[in-house]
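As structure tokens, the structure follows; a few thoughts come after it.
Any read-out appearing in this document is the output of simple, stated calculations on the displayed coordinates, not a laboratory observation. Everything numeric in this text was worked out from a predicted model, so none of it was measured. We place every Cβ from the backbone using ideal geometry, glycine too, and count neighbours over all the protein chains shown.
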Amino acid sequence: MARFPLAALLLAGTFLAPLAHAQAPARPPAAAPPAAAAPAPAADPNPVLARVDGQEIRLQEVIAAAAEAMPAELRNVPPQVLRTMLPPEVFNQLLDRAISDRAMVIAARRANVQDDPEFQARMRAFEENALRDTLLRREVLPRLTDEALRARHARDQAAAPEQEEVRARHILVANEADARAIITQIQGGANFEEVARSRSTDPAGRNGGDLGFFARGDMVPEFANAAFALQPGQLSPNPVRTQFGWHVIRVEERRTTRGPAFEEARDTLRQRMIEEEVNAVIERVRGATRIERVEAPAATPAPGPIQAVPPPPPARR
């Protein structure tokens, strides 16, 4: 049914009511329309799925068990949405596992396992680890903004020495004769990229042999020396032999750079900054904490082997 704004309905009633009264003065008033049904309550986003000795197991608890195995981009998806994405048999296994886990916890509490010294030691260790990790996350993660990463990358590039890079394509084959035939074919006008796709045994062949930009130290010496001796557009006049086989090389571009672009370096840079920030937090905390190292007492030397006492000589007669 079409829906109309409340104001429009009120205006319609104002103008239509007198007209209806004039056309049918003797008509009895219409019966009052039935009361509108109350809206259905919103579905619980975290419904109860099972009860174990009266203790509820809810959807979020079941989904959380699978969250660690999910890709990062799915971990913030609402549980009710994730449930629809899981195959029924997988979801039932997760629910059954949650039921078993809860039953084991109930049994352990009834057996007073929580009073066991081993359990208490493990809980203390868990709590200490959780406290430490939470503090580090609170201190470190806010510092790793995109702006901070870009600023660090710019500083690193400014301080780095310039290095030369080339962008090259290659065709890899198993023997020298095939490599020489390919050189002749390309020199005769064949398209390098098409030959790479049809002849190269290297995975880069699917991309026309493109290796992207690389520095001299990124490749084995034989390949690097041959590539860096070429100018853009030049083809290696002879096959280049490496431990991988025989290469035909063509250089596409040359450039001077101070390191990889930001997008290429982001993940490595972020990991390095995490390590640096963690170490900085640890040093700051240690500096603000009273630490007293007590030297362990010197170990007592282990006793030597026990010497057997010889028996007394036999008495003379």
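Pop out the ³J(HN,Hα) list for segment 208-214 in order, Karplus 6.51 cos²θ - 1.76 cosθ + 1.60 with θ = phi - 60°, rounded to Hz; leave Gly and Pro as x.
x, x, 6, 9, x, 7, 8
Can you list the HN-Hα couplings for segment 269-274, worked out from phi with the Karplus curve (6.51, -1.76, 1.60; θ = phi - 60°), rounded to whole Hz and with x for Gly and Pro?
Ordered by residue, 3J(HN,Hα) equals 5, 4, 5, 5, 5, 4 Hz.
Determine, for L230, L74, the number of other Cβ atoms within 10 Å of each Cβ, and report the residues in order from fewest to most.
Ordered from fewest to most neighbouring Cβ atoms within 10 Å, L230, L74 come out as L74, L230.
Take every Cα-Cα distance within segment 48-115, group them into 5 Å bins from 0 onward, and report for each bin the whole-number percent of pairs it holds.
3, 16, 26, 20, 15, 10, 7, 3, 0
What Rg and what Dmax come out for segment 162-257 when only alpha-carbon atoms are used, in angstroms?
Rg and Dmax of segment 162-257, Cα atoms, are 12.3, 39 Å.
Once amide H atoms are built 1.01 Å from N in the peptide plane, which residues 5 or more positions from V52, or in another chain, come under 5 Å H to H?
I57
From the phi of every residue in segment 45-50, what ³J(HN,Hα) in whole Hz does the Karplus formula 6.51 cos²θ - 1.76 cosθ + 1.60 yield, where θ is phi - 60° and glycine or proline is x?
Per-residue couplings from phi come out as x, 9, x, 6, 10, 6 Hz.
Can you give me the long-range amide H partners of T242? Hydrogens built in the peptide plane at 1.01 Å from N, cutoff under 5 Å, separation of 5 or more residues or another chain.
H247
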